[in-house]
Amino acid sequence: MNITVVGCGYVGLVAGACFAETGHDVICVDIDEGKVAALTRGEIPIYEPGLSDLVTSNVEHGRLRFTTSMKDAVQASKIIFIAVGTPQDEDGSADLTHVLNVAREIGTFMNEDKVVVDKSTVPVGTAELVKKTIKEISKFGVEVVSNPEFLKEGAAIDDFMKPDRVVVGVSSQQAAETMKELYAPFVRTNNPILVMDVVSAEMTKYAANTMLATRVSFMNEISRLCSKVGADINMVRIGIGSDSRIGMSFLFPGVGYGGSCFPKDVQALIHTGNQYSVEMKIAKAVEEVNAQQKMVMVERIKEHFGGELSGKTVAVWGLAFKPKTDDVREAPALVILDELVRAGARIQAFDPEAVHTFRQRFGENNSVSYSESNYDVLKGADCLLICTEWNEFRRPNFAKMKSLLSGKVIFDGRNIFEPKMMKDEGFVYYSIGRPAVNGNA
């Protein structure tokens, strides 16, 4: 098939490259001339394992190309994916400005009947709005399909190529058959293509992310209670996750969730509920718990140092909202570092991939410095704070760490170390939902 993907951001780039990998001819279009030129040269603007090689290979084989011409891209393809951003508006709703602008351009340049697919995360009713917008301009027929993405940053290629399920919301059998044909190469192991009505597909995306966010916030709330009563959250996690009705996924406590999906989608679901006079009480609680959780380690650090952080230096490992990405949108580290700086602390920070994106989002600050080594940031620091659970942090050289740190204190916001090991190594160790350890420091 000839496919056009509008938007060369995270979702659009992954989708375009993966469709090309299965033999389709794909055009990715973006208004950013610099981005298009860079992508054509094989320069990928985001960090996602495997994506660079996939893009480069398919460009070389002629199955994937990039352009700024909407007219050429629309007229060359029967299927057009909309994968532009839907940033959060001030009231928590999804801003559909970019989506509707693309719809107008599609309507303007259509030369035949088209299937338009909403790949962006959009609220209920968007497909109908996109269809109306196109039909006001074009005389040609258009089917608008909802096809939400369920990609995990850091594992997006595998998620797209081997999906748990593909959700498509359609209003005709013909559109359903087109989408089944398009996704057939990705479900050869019989994982389902779930065909449903458009509104249900739109709702599925928000419901899925809010459910996952709920599990995270639930465990974070339980972790705070564990800290008070002396329980071990890891034992509790295993105890409840071993129940087949619950399972282990998304039960890891930490310093809160972030990223481009969970915060925005929970807010959007709350907003949709308000529009239809349905108070989303659980979603509101999930958001409130997450905001509180981002402050847990800040409070622990202040408490350890007697409430006075002036003159203290905090080494920080991890700035991205999760491992295997350079994405810092809504990252807990943004809130945590801001609060520590406000309290008078100096920060020495490291992340394997996200230093550049973090500096852009956080802004330059004389109290924050960055390094290219996780050990360099430990030099002279009064403590270490772990905000992101990168694999390379899990088994460091503890002797070297002790020789570099002024204070042998670790605040583990992702529970990547075991308390007994920390005690044996001689650290004062604080984690999430587990008793503190006072080693030989």
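The values are calculated or read from the model by the stated rules, or taken from the named source; none is laboratory data. This one's a predicted model, so the numbers in the text were calculated from it and none came from an experiment. In this analysis, Cβ positions are derived from the backbone assuming ideal geometry, glycine residues included, and neighbour counts consider all displayed protein chains.
The residues listed here are Glu418, Glu389; of these, the one that is closer than 22 Å to Asp232 by Cα, acidic (Asp, Glu) and touching a residue at least 12 places away in the same chain (Cβ under 8 Å) is Glu389. Of the residues Ser57, Ser52, Ser69, Ser93, the single one that is closer than 20 Å to Ser138 by Cβ and either under 26 Å from the mean Cα position of the chain (by Cα) or not aromatic (Phe, Trp, Tyr) (or both) is Ser69. Ser369 meets the stated requirement of being touching a residue at least 12 places away in the same chain (Cβ under 8 Å) and under 11 Å from Ala349 (Cβ atoms).
Counting only residues that are surrounded by 17 or more Cβ atoms within 10 Å (Cβ to Cβ) and in contact with a Phe, Trp or Tyr (Cβ under 7 Å, 6 or more places away or on another chain), the range 389-403 holds 1 of them. Ile301 meets each of the listed conditions (1) at pLDDT 95 or above; (2) touching a Pro at 6+ places or on another chain (Cβ under 9 Å) apart from (2).
Pull up the range 243-276, narrow it to residues that are part of a loop (DSSP other than H, G, I, E, B) and of a type in the set (S, T, N, Q), then point me to the one that is surrounded by the most Cβ atoms within 10 Å (Cβ to Cβ). Result: Ser260.
Of all the listed residues (Glu308, Glu288, Glu279), the sole one being more than 15 Å from Asp91 (Cβ to Cβ), part of a helix (DSSP H, G or I) and not basic (Lys, Arg) is Glu288.
Annotation: of all residues in the range 408-435 being touching a His at 6+ places or on another chain (Cβ under 9 Å) and either among the β-branched types (Val, Ile, Thr) or surrounded by fewer than 23 Cβ atoms within 10 Å (Cβ to Cβ) (or both), the one that is nearest to Gly230 (Cα to Cα) is Val428. The C-beta contact set for the range 284-299 (first residue more than 16 Å from Asp412 (Cβ to Cβ), second residue outside any helix (DSSP H, G or I) and not small (Gly, Ala, Ser), distance under 7 angstrom, 6+ apart or interchain) comprises Asn290/Tyr257. Yes or no: Ser217 more than 27 Å from Asp158 (Cβ to Cβ) and buried (at least 18 other Cβ atoms within 10 Å of the Cβ)? The answer is no for Ser217.
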